[in-house]
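Rule-based calculations on the coordinates, nothing more; no lab input. Worth saying up front: this structure is predicted, and the values here are computed from it rather than measured. Backbone-built Cβ (ideal geometry, glycine too); neighbour counts: all protein chains shown.
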Amino acid sequence: MGLSMWSAVGTGANDAVRTLAIAPDGNLFVGGSFTNFSGVATNRVAKWNVTTAAASAVGGNGQLNGLCEVLAFSPDGKLYAGGDFTTASGNTVNRIAVWGGSDWLAMETGVSDTVYAFAWVDGQLWLGGAFLTATGGLEMSNLGIWNGSTFVKTDIDLPNTGFGGTNPIVLSLGSIGKTVYAGHYGTGAAEAGDKTTISNIGTAAAYPIVTFTGPGTLIWLENATSGDRLYFNLEAQEGEEITIDFRPQKKSITSNWRQYALQPKRGSDFGTFRLLPGSNDIIAYIAEETGDTTLHFRWQITHWSIDGGGA
């Protein structure tokens, strides 16, 4: 039986409520610009126990020092907050934080500007907002991913001009399965990753050698068929060749110009990336590429032998 009328939630908040999230246990979490919720000092985020009808603060030591724009629970029950705050529970977090059970914790060094929206996609937290960079100066265009280990750039650059010439902003995100929807305050054309189909005519998985020739920055490499995905921030100069070797016992990323090994970003499927038998949909995103930029796959065709091993 549904409710027949609206009712107050305690005595309400002393300032704006911007976001709501329902915890796995059914309790309500509230975020906004308020500093008091139902008579309890809460500083921009509060818990409302629906059984006892009581409010409580979420975190100590002052909680959030700025506006909370969005709250969301992960599939495993962790609470994430985004907004324009720079500290949470006294910790420097820079606009995004995760609830650790007793205090708010930083996610690396955060992002450069306000976070407005979250969406869970394939077990990863997508975030949208006004930020242009994340930890270590990683470039973003108001849209990024926390992959559970680090911030990574998505396989799209949104238009860099907002309405009236202002910076663009991602104000809302939604997802259905692996499909992501973004509400973007901006104009112009987006630049996104491209998809091509590669056919592995063998009967066993193949582990390719991929050669990336600059100029450009390799951001994203995914086999949508196998589900393997790699995150990069690999900048190649004009004429530079970066070789990504996925073969077992030979896995490496090297450059013909550099004397040190390169690495994908944390959370990448470097250990499992392969081509399945048959058609493989490969998605690659290279920023700042030119007509001289190439991404080339080569691999050895293998078949299952009678004893069950690849041959």
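Before moving on, here are some points about what is shown:
- Simple rule: put +1 on each Lys or Arg Cβ and -1 on each Asp or Glu Cβ in region 135-226, find the dipole, and look at Ser175, Ile209, Val152; the Cα lying farthest toward the positive end is Ser175.
- Computed E for Gln249/Thr203 - FRET, C-beta separation, R0 22 angstrom, nearest 0.05: 0.55
- Highest GNM mean-square fluctuation among Glu288, Glu69, Glu139, for the chain modelled with Cα contacts below 10 Å: Glu288.
- Count of Lys pairs (Cα-Cα under 23 Å; at least 8 positions apart or interchain) in the chain: 12
- Relative to the Cα centre, the charge distribution of region 17-191, modelled as +1 at Lys and Arg Cβ and -1 at Asp and Glu Cβ, gives a dipole magnitude of about 400 debye.
- In loop segments of region 232-293 as defined by DSSP, the chymotrypsin sites (Phe, Trp or Tyr not before Pro) with at most 12 further C-beta atoms inside 10 Å of their C-beta are Trp257, Tyr260.
- Length gained when the stretch Thr187-Asn14 is fully extended (0.36 nm per residue, less Cα-Cα span): 58.7 nm
- Within region 86-191, the trypsin sites (Lys or Arg not before Pro) that combine a DSSP coil assignment with at most 13 other C-beta atoms in a 10 angstrom radius are Lys178.
- The chain - charge dipole about Cα centre, Lys and Arg +1 at Cβ, Asp and Glu -1, debye rounded to 20: 720 debye
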